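Here the structure is laid out as structure tokens; the discussion comes afterwards.
The values are calculated or read from the model by the stated rules, or taken from the named source; none is laboratory data. Just so it is clear, the model here is predicted, and its values are computed rather than measured. Note that we place each Cβ from the backbone using ideal geometry, even for glycine, and neighbour counts take in every protein chain shown. The protein model used for the area step is the full one, side chains on, heavy atoms only, and it has no ligands, DNA or RNA in it. Shrake-Rupley method; radii C 1.70, N 1.55, O 1.52, S 1.80 Å.
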Amino acid sequence: MKLLYKEWRREIATKLKSQKIVREAMDQSSNAPMHLCHVNKLTIFINRTYTVIYAVALSFLLYYRASFFFHDTKTPILPSLIVFAAELVSSFEWLLSQAYRWRPVSRTVFPERLPEDDKLPAVDVFICTADPDKEPPVEVMNTVISAMALDYPPEKLHVYLSDDGGADVTLNGMREAWKFAKRWIPFCKMYKIKCRSPKAYFSAVEDENEDGDLGGTDFIQERQIVQEKYELFKEKVREYARHGDTGSSKRRDHSAVIEVIQESSSNHAFEENEAKNMPLLVYVSREKRPSHAHHFKAGALNVLLRVSGVISNSPFILGLDCDMYCNDPSSARQAMCFHLDPKLSPTLALVQFPQKFHNISKNDIYDSQLRETFMVQWQGFDGLQGPCVSGTGYYIKRLSLYGKSLKEDHKDLMELRQSVGPSSEFIKSLLGNYNPNMKMAQLAETQQLASCTYEDGTKWGEEVGFLYASVVEDYFTGFASLHCKGWNSVYCNPPRPQFLGSGTTNLNDFLVQGTRWSSGLVDVAISKYCPLIYGLNKMSFLESMCYGWLAIFPICRFFSLWCHATIPQLCLINGISLYPEVSNLYFWIFSFVFLSSFLRHLYEILTTEASLQHWIYEQRIWMMKAVTSHLYGSLDAFMKKFGLREASFFPTNKVDDVEQLKRYNKGVFDFQTSALFLVPLASLVILNLASLCVAIARVIFLGELEKLFIQVFIPFYVVVVNYPIIEGMLIRKDNGRIPPSVTLLSATASIIFCVLGSIIFM
């Protein structure tokens, strides 16, 4: 008996001990962090050491330039002064850019540690489209469907599509997307499909789908059925596009249309049960009239902000471009790892994921993947107060977009109405304890909220919502509305891309897009919101440096590159030296500055797992953008500032041209673009080629290599890096070459510059 009693006691003790261990494990799990921040101390040490050494070298270089003006010399003052100004501007831009390298961090998330689904907050998804001719409806609907299929409780997920074109094809496409999603979403959830875009999933090689061991008969049969339904869905949408109204006649003049997408059926009980298993899908086309400013994408987002406020009013919003589909269904849960952290949440406005693209060739000649931005700069941004809003792939807190409206205790409803407008339902949604539903009264209210006159006399676009003062509303809103108001953000870059979009694959779209971005950034730089002035006492100094670099780098780059690509070459042709001779000690200072910046760029290329070839691509593309996009974008911003033209916005073309795509995949430039872009590019290359030929002659016949070494090297470097432009002018015969008329015009412009420059400067 004693033996049995001891055995029983031992078993009880063992059970109690095991229960205690389980409880402790559960407690540890509940207290375990949902994310970690990793600080790479070695990278920080390398970055800061380089910054100090390079800054010292720059100081000696600038001292050499400044000392020129205090010594008698035969060198003309004007060209020396211009080159000195270019070097000062380049040095200032470099100094600002070092803020990104000061404290780079990376982050890891643990979505499995989130609370149960019933405790997760609701999410609204905002998708914007404007032109079905440039943004194919099938691509847009794939983005919509992928957002509906996110791994998130369906009753807490609401997807809104803003159609600024007011096109019937988009509305009909939404209805078809709803029907197909009823089959697609259960299929994805049942078989744990990772890529939730049907087009991407069915287009991928079987190995790329990562479906694990789903090779069973049931899966294969179900996949075949769903694929057939997808092909039918595609055909219907394309049929609408072929024979329906694409909205080209009414893009700037149409009434508001808001429709909650659902199938019409007499069986209301079935509809209600079906809705519980499907996210809410809403089509929104705001009213647009030629007599009223519509403020482009920012205006569309603000309408979605108001309309969703009275329909779903979710505390968090996912912003997506119409071509940026969800490549991983877990993005919402990953974002909530930050938003639900009690230590971060009170001041956290934004979780930003990187922009990545599915159509990037290994020969990414246009640097469409934006490697430096999302793999270097944004990690440094994150180590400070976080990155700015980056256009797409972000989860933002709704409250952070309401500005001062909700930060103070608004007992005066009149003041609140003056701020956000007269809608009683929308004001109720701001004041808390608001339970939106699908009553007809609320739906009728959305017509008012989407009208073109609703914002008149309010603070929308100034203090509330996405801001209007720049066409890059994401950058400006992140700066003035979020970080300047005390909010923070984080950057999350998990191994699997959460979102995949369409990158630019031809030179024309690339330069047009770059011009638009440059114009919007310079808008901010020359306004009262210039980050280097407005942001200094509202955020950390390094954060304001990051925002400041983004605002002014188009001006800095176009000025410094135009100066360095013309003045030394002009002086070289006339036998005038602007740089120290090889025997001069300062020659090695100039050499160190040049070589160390190149090696630094190469180091970042290799540490971000890019190729040596991509290093050349990036060197070339920043020259091309500086000469064209940054120049025209800056001029456009100054013209708007002085009232010489109105703001404009052209969506990036998402339609692929077969021939252009073939050239892109082969790594061949397609020069089918405006002469406004081609003439500056070709003129500068011709000027540098001519100066190089003169330099070779001077070296051979006059032995001036030691005297003019740096000036000989500069055009040599320009010509080698930009060889594709020479090839496009002189060698290629295909349709993607530079037209002979443009080559002739560029050569004429170069000759005129040389003649006039020799008269003025020399």
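Hey, does region 142-150 have a residue that's open to solvent by 20 Å² or more (accessible area, probe 1.4 Å) and hydroxyl-bearing (Ser, Thr, Tyr)? Scanning region 142-150, I find no residue that is open to solvent by 20 Å² or more (accessible area, probe 1.4 Å) and hydroxyl-bearing (Ser, Thr, Tyr), so the answer is no.
One line per residue, one yes/no per condition, for (1) modelled with pLDDT under 95; (2) buried (at least 23 other Cβ atoms within 10 Å of the Cβ):
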{"site": "289", "(1), (2)": "yes, no"}
{"site": "299", "(1), (2)": "no, yes"}
{"site": "313", "(1), (2)": "yes, no"}
{"site": "327", "(1), (2)": "no, no"}
{"site": "340", "(1), (2)": "no, no"}
{"site": "345", "(1), (2)": "yes, no"}
{"site": "356", "(1), (2)": "no, no"}
{"site": "362", "(1), (2)": "yes, no"}
{"site": "378", "(1), (2)": "no, yes"}
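Being surrounded by 21 or more Cβ atoms within 10 Å (Cβ to Cβ), charged (D, E, K, R) and modelled with pLDDT of 95 or more is a property that does not hold for residue 509. What are the residue pairs meeting all of these: first residue in region 596-615, first residue in contact (Cβ under 8 Å) with a residue 12 or more places away in the chain, second residue open to solvent by 80 Å² or more (accessible area, probe 1.4 Å) and not in a helix (DSSP H, G or I), Cβ atoms under 6 Å, and 6 or more apart or on different chains? So the pair list comes out empty. So which residues in region 531-542 are within 15 Å of residue 382 (Cα to Cα) and crowded, with 23+ Cβ neighbours inside 10 Å? If the condition is that a residue be within 15 Å of residue 382 (Cα to Cα) and crowded, with 23+ Cβ neighbours inside 10 Å, then 539 is the only one that fits. Scanning region 517-547 for residues that are acidic (Asp, Glu) and under 16 Å from residue 93 (Cβ atoms) yields no hits at all. Summed over region 719-733, the residues that are open to solvent by less than 70 Å² (accessible area, probe 1.4 Å) and either over 33 Å from the mean Cα position of the chain (by Cα) or farther than 28 Å from residue 614 by Cβ (or both) give a count of 1. In this structure, does residue 662 turn out to be basic (Lys, Arg), closer than 30 Å to residue 592 by Cα and assigned to a helix (DSSP H, G or I)? Taking the combined requirement at face value, the residue does not satisfy it. Looking across region 120-142, just one residue is of a type in the set (Gly, Ala, Ser) and closer than 30 Å to residue 340 by Cα, and that is 122. One residue alone among 88, 114 is over 24 Å from the mean Cα position of the chain (by Cα), aliphatic (A, V, I, L, M) and more than 30 Å from residue 323 (Cα to Cα), and that residue is 88. Here residue 72 meets the list (1) at pLDDT 95 or above; (2) charged (D, E, K, R); (3) under 30 Å from residue 568 (Cα atoms) almost entirely, failing just condition (1).
Evaluating residue 101 against the criteria (1) farther than 28 Å from residue 318 by Cβ; (2) free of Cβ contacts under 8 Å to residues at least 60 places away in the same chain; (3) not small (Gly, Ala, Ser) leaves one unmet condition, (2). Scanning region 599-615 for residues that are open to solvent by less than 60 Å² (accessible area, probe 1.4 Å) and closer than 17 Å to residue 366 by Cβ gives 605, 610, 611, 614, 615.
For region 294-305, give me each residue that is in a helix (DSSP H, G or I) and either farther than 11 Å from residue 258 by Cβ or free of Cβ contacts under 8 Å to residues at least 40 places away in the same chain (or both). Within region 294-305, 296, 297, 298, 299, 300, 301, 302, 305 qualify.
For region 266-278, the count of residues that are in contact with a strand residue (DSSP E or B) (Cβ under 7 Å, 6 or more places away or on another chain) and touching a residue at least 24 places away in the same chain (Cβ under 8 Å) is zero. For region 77-128, the tally of residues that are open to solvent by less than 30 Å² (accessible area, probe 1.4 Å), part of a helix (DSSP H, G or I) and charged (D, E, K, R) stands at 3. Listed by first and then second residue, the pairs with beta-carbon distance under 9 Å, at least 6 apart or on different chains, first residue in region 422-443 and farther than 10 Å from residue 310 by Cβ, second modelled with pLDDT under 85 and in a loop (DSSP other than H, G, I, E, B), are 430/410; 431/410.
Taking into account only those residues within region 737-753 that are surrounded by 19 or more Cβ atoms within 10 Å (Cβ to Cβ) and not charged (D, E, K, R), which is nearest to residue 574 (Cα to Cα)?
750
Scanning region 695-718 for residues that are crowded, with 19+ Cβ neighbours inside 10 Å and either touching a strand residue (DSSP E or B) at 6+ places or on another chain (Cβ under 7 Å) or of a type in the set (Val, Ile, Thr) (or both) yields 710, 712, 714, 718. Note on region 473-497: residues that are within 30 Å of residue 204 (Cα to Cα) and open to solvent by less than 10 Å² (accessible area, probe 1.4 Å) amount to 2.
Screening residue 670 on (1) in contact (Cβ under 8 Å) with a residue 40 or more places away in the chain; (2) part of a helix (DSSP H, G or I); (3) surrounded by 16 or more Cβ atoms within 10 Å (Cβ to Cβ) shows it passes everything except condition (2).
Of all residues in region 554-592, count the ones that are among the aromatic types (Phe, Trp, Tyr), closer than 30 Å to residue 523 by Cβ and surrounded by fewer than 20 Cβ atoms within 10 Å (Cβ to Cβ).
Residues meeting the conditions: 1.
Checking the structure you have, find out if any residue of region 18-38 is in contact with a Ser or Thr (Cβ under 7 Å, 6 or more places away or on another chain), open to solvent by 50 Å² or more (accessible area, probe 1.4 Å) and at pLDDT 70 or above. Yes, the conditions are met somewhere in region 18-38.
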